[in-house]
Number of protein chains: 6
Amino acid sequence: MRHDGRASDEMRAVSLERGVSRYAEGSCLVKFGNTHVLCTASLEERVPPWLRGGGEGWVTAEYGMLPRATKERMRREASAGKQSGRTQEIQRLIGRSLRAIVDRRALGERQISVDCDVLQADGGTRTAAITGAWVALSDCIGYMRDAGMVTGPVLVDHVAAISCGIVGSAPVIDLDYVEDSSAETDANFVMTGSGKLVEVQGTAEGEPFTRDEFNALIDLASDGIARLVDLQKLTVA
Amino acid sequence: MRHDGRASDEMRAVSLERGVSRYAEGSCLVKFGNTHVLCTASLEERVPPWLRGGGEGWVTAEYGMLPRATKERMRREASAGKQSGRTQEIQRLIGRSLRAIVDRRALGERQISVDCDVLQADGGTRTAAITGAWVALSDCIGYMRDAGMVTGPVLVDHVAAISCGIVGSAPVIDLDYVEDSSAETDANFVMTGSGKLVEVQGTAEGEPFTRDEFNALIDLASDGIARLVDLQKLTVA
Amino acid sequence: MRHDGRASDEMRAVSLERGVSRYAEGSCLVKFGNTHVLCTASLEERVPPWLRGGGEGWVTAEYGMLPRATKERMRREASAGKQSGRTQEIQRLIGRSLRAIVDRRALGERQISVDCDVLQADGGTRTAAITGAWVALSDCIGYMRDAGMVTGPVLVDHVAAISCGIVGSAPVIDLDYVEDSSAETDANFVMTGSGKLVEVQGTAEGEPFTRDEFNALIDLASDGIARLVDLQKLTVA
Amino acid sequence: MRHDGRASDEMRAVSLERGVSRYAEGSCLVKFGNTHVLCTASLEERVPPWLRGGGEGWVTAEYGMLPRATKERMRREASAGKQSGRTQEIQRLIGRSLRAIVDRRALGERQISVDCDVLQADGGTRTAAITGAWVALSDCIGYMRDAGMVTGPVLVDHVAAISCGIVGSAPVIDLDYVEDSSAETDANFVMTGSGKLVEVQGTAEGEPFTRDEFNALIDLASDGIARLVDLQKLTVA
Amino acid sequence: MRHDGRASDEMRAVSLERGVSRYAEGSCLVKFGNTHVLCTASLEERVPPWLRGGGEGWVTAEYGMLPRATKERMRREASAGKQSGRTQEIQRLIGRSLRAIVDRRALGERQISVDCDVLQADGGTRTAAITGAWVALSDCIGYMRDAGMVTGPVLVDHVAAISCGIVGSAPVIDLDYVEDSSAETDANFVMTGSGKLVEVQGTAEGEPFTRDEFNALIDLASDGIARLVDLQKLTVA
Amino acid sequence: MRHDGRASDEMRAVSLERGVSRYAEGSCLVKFGNTHVLCTASLEERVPPWLRGGGEGWVTAEYGMLPRATKERMRREASAGKQSGRTQEIQRLIGRSLRAIVDRRALGERQISVDCDVLQADGGTRTAAITGAWVALSDCIGYMRDAGMVTGPVLVDHVAAISCGIVGSAPVIDLDYVEDSSAETDANFVMTGSGKLVEVQGTAEGEPFTRDEFNALIDLASDGIARLVDLQKLTVA
């Protein structure tokens, strides 16, 4: 039995709310229970230097947390003068996940920057961010399509993410902060709408884990991500 | 006639929503029209070094904008590695404004950090931030009172703020971004519930201004702030 | 009675000494009593990126204090690795004040950087800096005129500044450090030669202040700035 | 057929050379083919603030590359003024991997810092670093044992790492730079001497990958890491 | 013949003006021709961590240039966010030179920070700084003696410095900026009142130099520094 | 008698090993006893901005120490976020020394960056670095010659360096860390193959020194550097 009464394969209440920003070309407020992340997609008519003139576009991501998104106030990174290693690791992950399902040639020589800002954190902020970022990205590309900037398909698939872990010796899905803090193993999975893997990250927080345990986590994640993709489809329909 | 149809002494729709953060001791989402600022008050059992052992507390503020709070995406300050001069100027203003209505001895040797994060910006972010910060601060002190940490009055008055300016030769209140960009004179006023001045900042963006013009701006501000204070009272009632 | 025997409307001894730098196109050592600021104006044949190609020039300012300009030695900002919020706030104020009286089109596509370095600080460094900076700027434009770089009027007016405050319940002008430290209200005014306002900044350090009190401060400032402008005229005559 | 003639399950020549630093309490120069990493373990009689007084120790890691470890010279991070996101991600990975096999209570309230500096890079620097770091750590603990600082077992297992990937549709082990640059999928595995998983990281560089493909990579890694652990045993025997 | 008519062994006009700072415990405005450096000595009742409790004091120095001390305006180091290598090299040199003639045990467990700020630069700023810093330091120690903080001798000797160089194949003393820019060899010498060497720095800017040439430079420096020491004696008499 | 049994004019065992980097155009591992420095020369088809279009090339150097090159682990400069003053001073010295023996016009408009990374430090790292850097530079220019990029002589002479000092009142050559820590005077000399001086740096760590003492140090250095140049000749023969 989990501390909040969920079954081992039960995700928290998930919601995806589109159009939450007046200015961004695409935006989504994603909630995985008490974890709330505001995702905005910003279109820019430029690409990083190493892509100039090649006809391909770029998708990148930045991640941040409001100082009091957490139980204890954390120092503001802008005031500390740098982004932590954790922040950089997460924003690199989000960027790679999104690029995996974008046809960068169809996008044209432009950049989409997706900002994922955590308003409230209760575990799973990176997986919520990826799941919501896809919606913001999708709306941004819809905006471009309406403006005649792109024609064929740019988003070639869905992408969504979920955390799984071993908590009290049992594999469970979508850990909240309490579970995350006591998990023996913690893993994040990013998968496409077609059920393929984009990113797999598993870490033994305490005891190392077996392949059987890891397989149980992938099983849980596959089911959960399929449901997240269904919700994405309903949201943008 | 103003571009959005408002009368010269008409503020935008203002709302103050308490309790928007699950973790902060006090919080308020303040909206002045399309300007939305999330204010959280965090209680910390420590004071800055120069106050240690003196029995007085401290109230400080930090300010930030989400990168796509604005029409054009702005660079994230955490990634740029420093806070801009404008950010620092605003957060110093918010801190001073709040300290003006706090009895720091009654607060005891503790610090309250108020974070004001702009989710969406359409002019007047600093004045909205001060107005909402008072509500967050008030709830934080209510939390302390419930916990028996303070007894007598800590907040000795209300504080709220509004911008006024000369736009198209006419004095108007609560400028939005369009007006702010074309104002000849731009001023911010911070006043208490008893109608006294805490901060006055007036800047000629184009032509220098006369004392008569400046007096017209203070008149507008006095009325507007009185209404903001009324709304604060209704909100925390 | 003020601690140094001045009347409430009496400024400290003010002097403006031109041509104190061998290299700068314009320079002025300004003294307000024991506050000494070295102002240099440097002409550069470039403008900030956002002005390129538009035919308009720019005037900007930087501010610094020598580490032992003050009673207690302060940490050198170059060694701390960043400028404080206070420094940035002041240099932005100086820059805005100067731009208010410059015809940037007549200046042509060039930048004048005015450096204000405080050699000794006894209160009022920012107001002394603005007053002296006008002289340095004026001489820099004179240099340009002699070199045939500009023809019509570039400086459209004078600009000078003074602090006023409520000290021991009485409004006084040109606060020194001792008064500044104990003032209930502290205000800085920047005005033109024609008596118009460019910047108004008033802050309640202790008790909030009334409009009547604030009006008394503007009255004092208007008289004082008129005398500073007279001195500027004598200096550059 | 791989570009350098290796079989798909064939690692590059691996060597582990102990005692390469005159000063470090433990050290190892590890080579995976042309990838050379110098690992040193430094004992320090202090722990991070959050562990003080708790009786537990800490193991941390830092990672760096010499500017010309690579085909093209890279900018020195000390001169750039910060560590890249990639560097931080790798050093966090190394630290977690080592802590997974250390009994931090048996270590006592001390810190071991393991520095992994890449002298030459040809792919797989992080996996070589982890494999060599274990040897340096083991010798550091041997030093402590000789000095009577620890008694019971501190290292509870071996830990080693290897990269695997899908290159030209085929799963292969221990990618060099050429393979790494063209891999469709790239994964790093960290496992213990007992064959359990400590870290799993898989990334689709091009096409997302299937579970079957991922399983093939784990199979390859399990065999490879078992051989690395054997070599570690021979080295410290 | 030198470009300004000086003989090869002729220094520029040198002046040392004491007591130029209202607040510093010791101060000196030193001029070597058009090179003007403001030196202040600040007494602090603390020492660096590595000296605490040992009964010895410390003397340190910081160096800076005003942005328009030079022909072309240079970027302000506080705004650039760091001190250049040249700045750090010079301030380390000044600090070492002063410590060479201070009895740090007689000083007691206190620190004297000497700030050398270049108001105007025409070559030889570091040698002027050292020469003037001695005067500031001497007055600071005089202040301490008057206050009964020290008793026996603290300054055990004078210290002064001069530059010499090979310009147009001829050895000359006290190079100004024009000479410095074209010198084949540039050297700085720091010597005591008793004629001993504290620091010797010689650099071939163009052709390497012979021992004979270097000896000619030391000869020039010895004479020049003796005259600077005489001037110091007159100044503090 | 020196603590390790060497005669006063006896250098430690010196070795120069070429071709230690797979990628660099030139490289050398230099050892002065237990001081080991890896030098790599990297050819880049660009020059600093101020040289563009002038037909001349540039040689620059960077210096670093691995954190555990020393007896006590030192903080990694990349993680501290900046290079120390000492590091910058040394890399400027190395760069100047190499440029003194390069015909920058014959080099053509290209830059050679020489990285000197200290793997192990036992005194004299900067002198070892210069001596080894010449070998790396020589091989880099040999690479360019083979590629037809340069024709005439580019390296116009050898350059090597050695430290000397007064230890226990006696002048000695090539100080190791123990001697360096107790030296009364410490000097570094950089000389060419033709016996001319490129850089002279002498510092009184304790007592100031006499000209006679300094001459004794130059005598020692001249002999030592001649032997280092002989070794360079053998190495690149």
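Every number in this text was worked out from the coordinates using simple rules, so none of it is lab data. Everything quoted here is computed from the prediction, not taken from an experiment. Positions of Cβ are backbone-derived with ideal geometry, glycine not excepted, and every protein chain shown enters the neighbour counts.
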Enumerate lysine pairs in chain B that are 8 or more residues apart or on different chains, then count those whose Cα atoms are under 30 Å apart. 6
Inter-centroid distance (Cα atoms) of segment D:121-191 relative to segment C:106-156, Å: 63
Reference-scaled alpha-carbon Rg (2.2 N^0.38 Å with N residues) for segment A:75-153: 1.28
Taking the convex hull of the Cα atoms, report for segment D:6-105 its projected area averaged over all directions, in nm². 9.2
Among C:T127, F:T192, D:T70, which comes first, then next, by fewest other beta-carbon atoms within 10 Å? D:T70, F:T192, C:T127
Can you tell me the dipole magnitude for segment D:81-137 around its Cα centre, using point charges on the Cβ only (Lys, Arg +1; Asp, Glu -1), in Debye to the nearest 20? 260
For A:S182, label point 7 Å along C-beta direction: distances to other copies, nm: 5.1, 6.0, 6.1, 6.1, 8.2
What is the sum of charges around B:I225, taking Lys and Arg as +1, Asp and Glu as -1, for the other residues whose C-beta is under 13 Å from the C-beta of B:I225? -3
For the E-to-A rotation axis, chain E residue with nearest beta carbon and its distance in angstrom: E:G81, 5
Report the Cα centroid-to-centroid distance between segment B:15-78 and segment E:54-91 in angstrom, as an integer. 37
Might you report the magnitude of the Cβ-based charge dipole of chain D about its Cα centre, with Lys and Arg at +1 and Asp and Glu at -1, to the nearest 20 debye? 840
Quickly work out the C:D212-to-E:R211 label distance, labels modelled 7 Å from Cα along the C-beta direction, and quote it in nm with one decimal. 8.9
Of F:G54, F:G123, F:G95, the one that fluctuates the most in a GNM where chain F has Cα springs shorter than 10 Å: F:G54
Select from D:M149, D:M11, D:M65 the residue whose mean-square fluctuation is largest in a Gaussian network model of chain D (Cα-Cα springs shorter than 10 Å). D:M149
Can you tell me the 0 to 90 degree angle between the C-alpha axis of helix E:85-99 and the longest principal axis of chain E, rounded to 10? 60
Using a Gaussian network for chain A with springs between C-alpha atoms less than 10 Å apart, which of these wobbles most: A:A160, A:A106, A:A80? A:A80
For segment E:72-210 the mean separation of alpha carbon contacts under 8 Å (6+ apart) over residue count, i.e. relative contact order in percent, is 21
Can you give the relative contact order of chain A as a percent, counting alpha carbon pairs under 8 Å and 6+ residues apart? 22
Out of the trypsin sites (Lys or Arg not before Pro) in segment F:1-55, which ones are loop residues according to DSSP with at most 12 other C-beta atoms within 10 Å? F:R46, F:R52
So what's the back-of-envelope 222 nm ellipticity for the protein assembly as shown, counting only DSSP H runs of four-plus at -39500 (n - 2.57) apiece and dividing by all residues, rounded to 500? -10500 deg cm²/dmol
Size of charge dipole - segment A:112-192 - debye, nearest 20, with Cβ of Lys, Arg +1 and Asp, Glu -1, no other charges: 360
Sites E:D180 and C:E56, calculated FRET efficiency, Cβ-Cβ separation with R0 30 Å, nearest 0.05: 0.20
Percent of all alpha-carbon pairs of the protein assembly as shown at distances over 64 Å, whole number, is 17
Return the ratio Rg/(2.2 N^0.38 Å) for chain D, where Rg is computed over Cα atoms only. 1.01
Cα axis of helix F:211-236 to longest principal axis of chain F: angle in degrees, 0 to 90, nearest 10? 40
Pop a pseudo-label 7 angstrom from the Cα along the beta-carbon direction at both B:R22 and A:R18 and give the gap in nm to one decimal. 2.6
homo-copy label distances at D:D230 (7 angstrom along Cα-Cβ), nm, one dp, ascending, are 4.8, 5.2, 8.6, 8.6, 9.9
Using +1 at the Cβ of each Lys and Arg and -1 at the Cβ of each Asp and Glu in chain B, identify which of B:L107, B:A183, B:C164 lies farthest towards the dipole's positive end. B:L107
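Order of B:D157, F:D4 from fewest to most other C-beta atoms within 10 Å? List each step's numbers first, then the result.
On the way: B:D157 18, F:D4 11.
Least crowded to most crowded, the residues run F:D4, B:D157.
Out of segment E:69-164, which GluC sites (Glu not before Pro) are coil in DSSP terms and have no more than 16 other C-beta atoms within 10 Å? It would help to have the intermediate numbers written out before the result.
Details: sites: E:E72, E:E77, E:E89, E:E109; in loops: E:E72, E:E109.
Qualifying residues, ordered by number: E:E72.
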If contacts are Cα pairs under 8 angstrom and at least 6 residues apart, what is the relative contact order of segment E:56-113 in percent? 66
Rounding to the nearest 10 and keeping the result within 0 to 90°, find how far the Cα-based axis of helix F:125-146 lies from the longest principal axis of chain F. 20
Inter-copy separations for B:A106, label at 7 Å along Cα-Cβ, nm, ascending: 5.6, 5.9, 5.9, 6.4, 8.4
